[in-house]
Amino acid sequence: MKIRGFEVVSNYQDQGINLPRRQTLASAGYDLEAAEDITIPSIWRLNFVRIFRLIRNGHQIFERDYEMAEKLLKPILVPTGLKAYMPEDEVLILANRSSNTFKRNLSLPNGIGVIDADYYDNPKNEGEIFVQMINYGVRPLHIHKGDRIAQGIFMKYLKTDDDDPIDRQRISGFGSTNENEGH
């Protein structure tokens, strides 16, 4: 009987995706790897810097400027090719690796990622896990397939005495269960 673990999603079957492993006996996190090569551009090379200059110098900013900046300044979604299964009262927390910030200038803009138990095998994308990343260094960063990009930690969570979820079925991922936005 399966309790918790990782599986490769169907889009990445037979593509050499490694299931996450802990690096030492006392490690809490399972290292997640990138499923493919990807380049994460430096935020400083994006056009949003133009908006920053306008703000800093007190110039008028128009709606099209805001829209352009919001469109450009989004995290890059790095695919893992994995999905996670766990009991209903557990969550998989995605955390940044300490070497990402210190050596690679990579950050998880959401602080942590939360993968709920009901995300597994959802109809929108099979529950594939993506890691949101921002490169705050000055150079583009090339991530290669198999590079360790984050760590996943399974945890129990608690519910309130009067717990009554609004929705009982997950449709999608990022942002909200109700927004129909996929991971």
* Identify the single condition in (1) farther than 18 Å from Asn135 by Cβ; (2) over 18 Å from the mean Cα position of the chain (by Cα); (3) crowded, with 17+ Cβ neighbours inside 10 Å that Ala69 does not satisfy, given that it satisfies every other one. => (1)
* Those residues that are part of a loop (DSSP other than H, G, I, E, B) and either in contact (Cβ under 8 Å) with a residue 60 or more places away in the chain or β-branched (Val, Ile, Thr) (or both), I need them from the stretch 110-124; list them, please. => Ile112
* To do: Go over the candidates Ser99, Ser107 one by one and state the one that is farther than 30 Å from Leu54 by Cα and in contact with a strand residue (DSSP E or B) (Cβ under 9 Å, 6 or more places away or on another chain).
  => Ser99
* Structure fact -> Pairs returned, first residue in the stretch 147-165 that is over 17 Å from Thr101 (Cα atoms), second residue that is in a loop (DSSP other than H, G, I, E, B) and among the basic types (Lys, Arg), beta-carbon separation under 9 angstrom, 6 or more apart or interchain, are Phe154/Arg4
* Asked: Under the condition of being part of a loop (DSSP other than H, G, I, E, B) and within 26 Å of Val49 (Cβ to Cβ), which residue from the stretch 125-139 is nearest to the chain's Cα centre (by Cα)?
  -> Tyr136
* Structure fact -> When Ile3 is run through (1) closer than 15 Å to Lys83 by Cα; (2) of a type in the set (A, V, I, L, M); (3) free of Cβ contacts under 8 Å to residues at least 24 places away in the same chain, the failure sits at (3)
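Given the criteria on the phi < 0 side of the Ramachandran plot, hydroxyl-bearing (Ser, Thr, Tyr) and surrounded by 13 or more Cβ atoms within 10 Å (Cβ to Cβ), does Thr80 qualify?
Judged against the criteria, Thr80 is a match.
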* To do: Please give the number of the condition Arg97 fails out of (1) among the basic types (Lys, Arg); (2) within 17 Å of His142 (Cα to Cα); (3) in contact (Cβ under 8 Å) with a residue 40 or more places away in the chain; (4) surrounded by fewer than 18 Cβ atoms within 10 Å (Cβ to Cβ).
  => (4)
* Structure fact -> Scanning the stretch 132-153 residue by residue, the ones that are buried (at least 19 other Cβ atoms within 10 Å of the Cβ) and within 19 Å of Glu90 (Cβ to Cβ) total 3
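Coordinate-derived values only; no laboratory data. Note that the structure is a prediction, hence the values are computed from the model and not measured. Neighbour counts run over all protein chains shown; Cβ positions are idealised from the backbone, glycine included.
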